[in-house]
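K.L.:
Quick one: the structure is below, questions incoming.
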Amino acid sequence: MKNFVFQNTTKIYFGQNQLNHLGEEIKLYGSRILLVYGGGSIKRIGLYDSVMKELKKNKLTVFELAGVEPNPRHTTVNKGAAICKKEQIDIILAVGGGSTIDCSKAIATARYYDGDSWDIVSGKVPVTQALPLFTVLTIAATGSEMDCGGVISNMETNEKLGLVHPLLQPKVSFLDPANTFSVSAYQTACGSADILLHIFDCFYFADPEGKMDMIDRIMEEIIKTVIKYAPIAISKPDDYEARANLMWAASWALNGFLGTGTVMAPTCHMIEHEVSAFYDITHGHGLAILAPRWMEYILDETTAPQFKNFGVNVFGVDAALSDMAGAKAAIAKFKDFLFDTLGLKSKLSDLGIDDKNFSIMAKKACSNGILSGYKKLTPVDVEAIFKMCL
Ligand code: NZQ
Ligand code: ZN
């Protein structure tokens with residue numbers, strides 16, 4: 001196991017009626033707010049009105065940026081940064097899912113830069129300052145509410161890149177599971193797949209000597225939580241217990257804790273981001289299609305024991321099976337969960353994607369020629385995985 005530093009400074013208000021603390025928390029940072037949200041779901045569920053009421057009650061001045069896209073664009077970040085500069089914004093309040101929060105993180109730092117925000121996202125210009133960020137989460141998926149990363153897309157260049165910096169960590173996040181009752185069955189399934197893949201990519205699947213047993217066991221419990229509660233949330237969307245478990249699982253899957261003792265190498269995420277960058281698909285769905293094929297592709301005598309552990313400890317696969325048989329049974333159970341229980345379509349071709357761009361996508365996924373992870377992958381390997389998904 002590796003030495004590590006762990007710090008997560010986001011203050012969480014979890015549960016119902018916690019929004020009445022929004023004003024008192026925000027006032028610690030200033031009075032001019034940029035409220036950022038997506039395509040309108042927060043208005044349909046009455047959350048917009050609740051947030052505005054709280055802000056007005058506290059005599060805060062509110063400006064708005066609406067219409068953040070799923071897979072948020074750098075052009076929208078530019079719009080938000082321009083408002084922040086013109087209106088001397090003190091604080092950004094993101095109300096929505098990962099896309100809205102990620103966009104807000106990029107706005108928070110682009111506010112201090114006079115050029116195109118893509119210069120910051122692409123790493124050409126460093127993050128040096130950021131406005132304080134508050135979030136009100138509406139979907140359990142990315143963990144953006146409690147991490148310091150964001151992912152922004154440039155559809156002109158077919159790039160989707162991560163922006164990670166401690167200054168982008170939200171100051172305070174409000175997590176009310178009831179705000180996720182309205183999340184569709186499809187987005188609940190995609191969000192649940194995303195939570196699982198954060199755990200896998202946080203190195204549940206890695207050489208055992210490179211990590212901590214304690215973290216593996218906790219990972220398995222969070223995986224089991226998602227497998228138990230995602231189907232309940234899909235069949236009974238207003239089940240508070242199910243939504244609460246998914247919400248807290250999402251935050252803990254990517255708040256840094258599960259990555260302690262290892263070097264994170266988000267293999268499936270790097271591959272999926274290429275699919276989103278070219279085809280603008282829902283992130284969690286792309287992961288659900290890719291992950292089992294990645295498992296099958298890298299399955300050999302060195303990787304089989306941990307895949308078998310996954311099967312035995314999560315799905316109750318027979319421990320007496322050989323490593324290889326246990327691993328295959330685990331992958332089959334995982335596919336059943338994604339494609340039967342959650343009902344996600346299982347192929348990229350189901351999403352209208354063909355092999356036209358696979359070669360270039362594979363090269364882009366391996367930025368330095370190799371994609372690190374449980375098994376190192378070359379562009380040839382990644383292209384083969386894409387083809388298995390057709
Ligand atoms: O735009 P609105 O109208 O809000 O609708 C959204 C959107 O259509 C809808 N939705 C959200 N909450 C809802 C709701 N609909 C009804 N009721 C509610 N309560 O769901 C759709 C998807 O929303 P989005 O924010 O895109 O979902 P998600 O949270 O899955 O975010 C996905 C984005 O996050 C990035 C992904 O790549 C993708 O761009 N990621 C961010 C990460 C991070 N910051 O750490 C890590 C992840 O691996 C991921 O890459
Ligand atoms: Zn993800």
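The values are calculated or read from the model by the stated rules, or taken from the named source; none is laboratory data. The shown structure was predicted, so the numbers you read here are calculated from the model rather than taken from an experiment. Methodologically, a virtual Cβ is constructed for each residue, glycine included, from the backbone with ideal geometry; neighbour enumeration extends over all protein chains shown. To get the accessible areas, we keep the full protein, side chains included, count just its heavy atoms, and leave off ligands, DNA and RNA. Shrake-Rupley method; radii C 1.70, N 1.55, O 1.52, S 1.80 Å.
Residue-by-condition table, conditions (1) in contact with a Lys or Arg (Cβ under 7 Å, 6 or more places away or on another chain); (2) over 18 Å from Ala193 (Cβ atoms); (3) among the polar types (S, T, N, Q):
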residue: Met270; (1), (2), (3): no, no, no
residue: Glu274; (1), (2), (3): yes, no, no
residue: Ala325; (1), (2), (3): no, yes, no
residue: Phe339; (1), (2), (3): no, no, no
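K.L.:
So which residues in segment 169-188 are assigned to a helix (DSSP H, G or I), of a type outside the set (Val, Ile, Thr) and within 15 Å of the chain's Cα centre (by Cα), if there are any at all? Full working, then the answer.
P.N.:
Filtering segment 169-188 down to residues assigned to a helix (DSSP H, G or I) leaves 177-180, 185-188.
Next, only the ones that are of a type outside the set (Val, Ile, Thr) stay: 177-179, 185-187.
Once the filter is applied, which keeps residues that are assigned to a helix (DSSP H, G or I), of a type outside the set (Val, Ile, Thr) and within 15 Å of the chain's Cα centre (by Cα), segment 169-188 yields only Gln187.
Residues checked against (1) among the aromatic types (Phe, Trp, Tyr); (2) open to solvent by 30 Å² or more (accessible area, probe 1.4 Å); (3) away from ligand 2 (no atom under 16 Å from the Cβ); (4) under 18 Å from the mean Cα position of the chain (by Cα):
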residue	(1), (2), (3), (4)
Cys190	no, no, no, yes
Cys202	no, no, no, yes
Lys211	no, no, yes, no
Arg217	no, yes, yes, no
Glu220	no, no, yes, no
Ile227	no, yes, yes, yes
Ile234	no, yes, yes, no
Asp239	no, yes, yes, no
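K.L.:
Regarding segment 180-187, can at least one residue be identified that is within 19 Å of Asp102 (Cα to Cα), open to solvent by less than 50 Å² (accessible area, probe 1.4 Å) and either within 10 Å of ligand 1 (Cβ to nearest atom) or at pLDDT below 95 (or both)?
P.N.:
Yes: one or more hits.
K.L.:
What number of residues in segment 351-366 are open to solvent by 30 Å² or more (accessible area, probe 1.4 Å) and either free of Cβ contacts under 8 Å to residues at least 24 places away in the same chain or closer than 11 Å to Tyr279 by Cβ (or both)?
P.N.:
Filtering segment 351-366 for residues open to solvent by 30 Å² or more (accessible area, probe 1.4 Å) gives 351-352, 354-357, 359-360, 363-364.
Next, only the ones that are either free of Cβ contacts under 8 Å to residues at least 24 places away in the same chain or closer than 11 Å to Tyr279 by Cβ (or both) stay: 351-352, 354, 356-357, 360, 363.
Qualifying residue count, segment 351-366: 7.
K.L.:
Still on this structure, please answer the following. Between Leu246, Leu254, which is near ligand 1 (Cβ under 10 Å from one of its atoms), modelled with pLDDT of 95 or more, within 28 Å of Val172 (Cβ to Cβ) and under 15 Å from the mean Cα position of the chain (by Cα)?
P.N.:
Checking each option against the conditions leaves just Leu254.
K.L.:
Taking the condition among the aliphatic types (A, V, I, L, M), open to solvent by less than 10 Å² (accessible area, probe 1.4 Å), under 29 Å from Gly373 (Cα atoms) and modelled with pLDDT of 95 or more, does Leu168 pass?
P.N.:
So Leu168 passes the test.
K.L.:
While we're looking at this one, here's another question. Collect the residues in segment 249-275 that are among the hydroxyl-bearing types (Ser, Thr, Tyr) and more than 14 Å from ligand 2 (Cβ to nearest atom), keeping them in residue-number order.
P.N.:
Thr260, Thr262
K.L.:
Out of everything in segment 241-260 that is touching a residue at least 24 places away in the same chain (Cβ under 8 Å) and out of contact with any helix residue (DSSP H, G or I) (no Cβ under 7 Å at 6 or more places or on another chain), what residue ends up being surrounded by the most Cβ atoms within 10 Å (Cβ to Cβ)? I'd like the intermediate steps shown before the answer.
P.N.:
As a first pass, look at segment 241-260 and keep what is touching a residue at least 24 places away in the same chain (Cβ under 8 Å): 243-244, 246-260.
Among the residues that remain, those that are also out of contact with any helix residue (DSSP H, G or I) (no Cβ under 7 Å at 6 or more places or on another chain) are: 248, 256-257.
Working: Trp248: 18, Gly256: 20, Phe257: 15.
My answer is Gly256.
K.L.:
Can you name every residue in segment 367-389 that is farther than 24 Å from His198 by Cβ and open to solvent by 70 Å² or more (accessible area, probe 1.4 Å)?
P.N.:
Val380, Lys387
K.L.:
If you check Thr142, Thr100, which single one turns out to be within 16 Å of ligand 2 (Cβ to nearest atom) and out of contact with any Leu (no Cβ under 8 Å at 6 or more places or on another chain)?
P.N.:
Selected residue: Thr100, the only one of Thr142, Thr100 that is within 16 Å of ligand 2 (Cβ to nearest atom) and out of contact with any Leu (no Cβ under 8 Å at 6 or more places or on another chain).
K.L.:
Among the helices (runs of 4 or more DSSP H) confined wholly to segment 276-377, which include 3 or more residues that are within 25 Å of Val226 (Cα to Cα) and within 16 Å of ligand 2 (Cβ to nearest atom)?
P.N.:
Per the criteria, 283-298.
K.L.:
May I pose another question? Kindly list, by first and then second residue, each pair from a residue in segment 127-150 that is in a helix (DSSP H, G or I) to a residue that is within 16 Å of ligand 2 (Cβ to nearest atom) and polar (S, T, N, Q), limited to pairs with Cβ atoms under 8 Å and residues at least 6 apart or on different chains.
P.N.:
As it stands, the answer is Glu145/Ser251; Met146/Ser251; Met146/Asn255, since those pairs meet every condition given.
K.L.:
Here's something else I'd like to know. Return yes or no: is Ile281 open to solvent by less than 30 Å² (accessible area, probe 1.4 Å) and in contact with a Cys (Cβ under 9 Å, 6 or more places away or on another chain)?
P.N.:
So Ile281 does not fit the description; no.
K.L.:
Go over the candidates Gly39, Gly46 one by one and state the one that is free of Cβ contacts under 8 Å to residues at least 12 places away in the same chain and within 14 Å of Val95 (Cα to Cα). Quick ask: steps written out before the conclusion?
P.N.:
Numbers: Gly39 fails: free of Cβ contacts under 8 Å to residues at least 12 places away in the same chain.
Step by step, each of Gly39, Gly46 is checked, and only Gly46 is free of Cβ contacts under 8 Å to residues at least 12 places away in the same chain and within 14 Å of Val95 (Cα to Cα).
K.L.:
Restricting attention to segment 124-139, does a residue exist that is within 30 Å of Phe358 (Cβ to Cβ) and open to solvent by 10 Å² or more (accessible area, probe 1.4 Å)?
P.N.:
yes
K.L.:
Go through segment 230-264 and count every residue that is on the phi < 0 side of the Ramachandran plot and either of a type in the set (Lys, Arg) or not in a helix (DSSP H, G or I) (or both).
P.N.:
Within segment 230-264, residues that are on the phi < 0 side of the Ramachandran plot and either of a type in the set (Lys, Arg) or not in a helix (DSSP H, G or I) (or both) number 11.
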